[in-house]
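This report refers to the structure that appears directly beneath it.
The values are calculated or read from the model by the stated rules, or taken from the named source; none is laboratory data. No experiment lies behind these values; they were computed from the predicted model shown. Methodologically, a virtual Cβ is constructed for each residue, glycine included, from the backbone with ideal geometry; neighbour enumeration extends over all protein chains shown. For accessibility, only protein heavy atoms count, side chains too; no ligands or nucleic acids. Shrake-Rupley method; radii C 1.70, N 1.55, O 1.52, S 1.80 Å.
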Amino acid sequence: MQTQDYQALDRAHHLHPFTDFKALGEEGSRVVTHAEGVYIHDSEGNRILDGMAGLWCVNLGYGRRELVEAATAQLEQLPYYNSFFKTTHPPAVRLAERLCHLAPAHINHVFFTGSGSEANDTVLRMVRRYWALKGRPDKQWVIGRENGYHGSTVAGMSLGGMAPMHGQGGPCVPGIAHIRQPYWFGEGQAMSPEAFGRACAAALEDKILELGEDKVAAFIAEPVQGAGGAIMPPESYWPAVKAVLAKYDILLVADEVICGFGRLGEWFGSQHYGLEPDLMPIAKGLSSGYLPIGGVLVGDRVAETLVEEGGEFFHGFTYSGHPVCAAVALRNLELLEAEGVVDRVREDLGPYLAERWASLADHPIVGEARSLGLMGALELVVDKTSGQRFDKSLGAGNLCRDLCFENGLVMRSVGDTMIIAPPLVIRREDIDELVELARRALDETARRLMHAPHRQEEPTA
Ligand SMILES: *Cc1c(COP(=O)(O)O)cnc(C)c1O
């Protein structure tokens, strides 16, 4: 089959995630056929540097024989068995042990799921169950953040703060509230980053008092917001949030689905920020995306209550701890460890990317270039000095993304924020290429937009 054949069948039968079906049908989808290392290849023979590690998940890069072999061996040994009804199997046991060894010391249990969304569904059930068992059944509210992302099941979507998602298929799960996000470039520039970080933490306390200081079960947040736009909070943010949670005895859920497994140069993003979360949902990089698997790492405080006082927990998935997925995840963790990938991100690749990425800040349409570990963002603006955005109708971010793709780089757009999160096995010379390709796309984006008839937003007042 040729590209057009795939596109025709895709258009006829395949509804893609987070996609305007009609628009994609008219345009035709890109057909990715194979991949190796940090590159994907499409059906037209293009080789493209994958600046997004698939969807933030292919941490070890493509084409790892060891992961293929781990899957093959496990498929032959035991392709499936469940972990309901008093059974277990070696891959799930070994993966559970490994994860708890890598996690902070107070975390010693894991509940497996098939995805990050299922992990967050599990979180919601666990925190409410925990407080009910503690004799505090009124503590049921969960606070999340605007523009946070926690998945696309009904609970995941409700915990997340993506307004367009809430606008479709609601109502959301009751008992979930949201506070402002610590997005300094987008919402905080009237203050210093430090003052803004504290203001965002103060918004948490205000919300707790509004809901009732005895009524809040948990706060859920990504250490660094991923899908929202690779948003690193000001340094003042997390310490202030931790203090508020401690004051009202509220559980902290750190959604590690993106930040986990080395993205920020530590095994978990929580370790970078010194968080001590009660629960950590995980997925994506857990298996480097080779097979679907997620879970919730459960801290001692919650686990002991669920174990000692809980009786049966009426929750689980057919594929919880799936043996083949678990075997691949285990091998993935072994390789990340044996190859020193996480340390290399912290000590070498993260600082190197930071330096090279920052060089894009001088570009005429870049208002900010920020990065942490192997995650980075560029804010596109029409005017560097005022920080004014392009007119929304121009779709600057999507244009830049499309130009990147055409020029051999996957860089994602979130509105007019461009983001990257490459495989953690990227080399310095690949980072040079990535930055070079990004600059070329920025030049071309600027060239096209600066000639557009309405190049900036009209003043509203
Ligand atoms: C991707 C993501 C999820 C959802 O994971 P799925 O495997 O797509 O269900 C949850 N939380 C965060 C932070 C994510 O980035």
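Values as computed for the structure displayed
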quantity: In region 215-273, residue nearest to residue 374 (Cα to Cα) [restricted to those that are in contact with a strand residue (DSSP E or B) (Cβ under 6 Å, 6 or more places away or on another chain) and polar (S, T, N, Q)]; calculated: 225
quantity: Qualifying residue in region 137-154 (condition: farther than 25 Å from residue 238 by Cβ, in a helix (DSSP H, G or I) and under 23 Å from the mean Cα position of the chain (by Cα)); calculated: yes
quantity: Residues being open to solvent by less than 90 Å² (accessible area, probe 1.4 Å) and touching a residue at least 24 places away in the same chain (Cβ under 8 Å) - total across region 1-16; calculated: 2
quantity: Some residue of region 95-117 being under 16 Å from the mean Cα position of the chain (by Cα), part of a helix (DSSP H, G or I) and crowded, with 19+ Cβ neighbours inside 10 Å; calculated: yes
quantity: Which numbered condition residue 235 fails, given (1) touching a residue at least 40 places away in the same chain (Cβ under 8 Å); (2) closer than 15 Å to residue 142 by Cα; (3) more than 10 Å from the ligand (Cβ to nearest atom); calculated: (2)
quantity: Residue count, region 416-429 (criterion: open to solvent by 10 Å² or more (accessible area, probe 1.4 Å) and out of contact with any helix residue (DSSP H, G or I) (no Cβ under 9 Å at 6 or more places or on another chain)); calculated: 1
quantity: Qualifying residue in region 100-110 (condition: in the same structural domain as residue 287 (by TED's automatic domain parsing), over 19 Å from residue 204 (Cβ atoms), away from the ligand (no atom under 16 Å from the Cβ) and without any contact (Cβ under 8 Å) to a residue 24 or more places away in the chain); calculated: yes
quantity: Test: residue 139 is away from the ligand (no atom under 16 Å from the Cβ), buried (at least 22 other Cβ atoms within 10 Å of the Cβ) and under 27 Å from residue 303 (Cα atoms); calculated: yes
quantity: Whichever residue in region 17-38 is over 21 Å from residue 403 (Cβ atoms) and out of contact with any strand residue (DSSP E or B) (no Cβ under 8 Å at 6 or more places or on another chain) and, among such residues, is most open to solvent (accessible area, probe 1.4 Å); calculated: 22
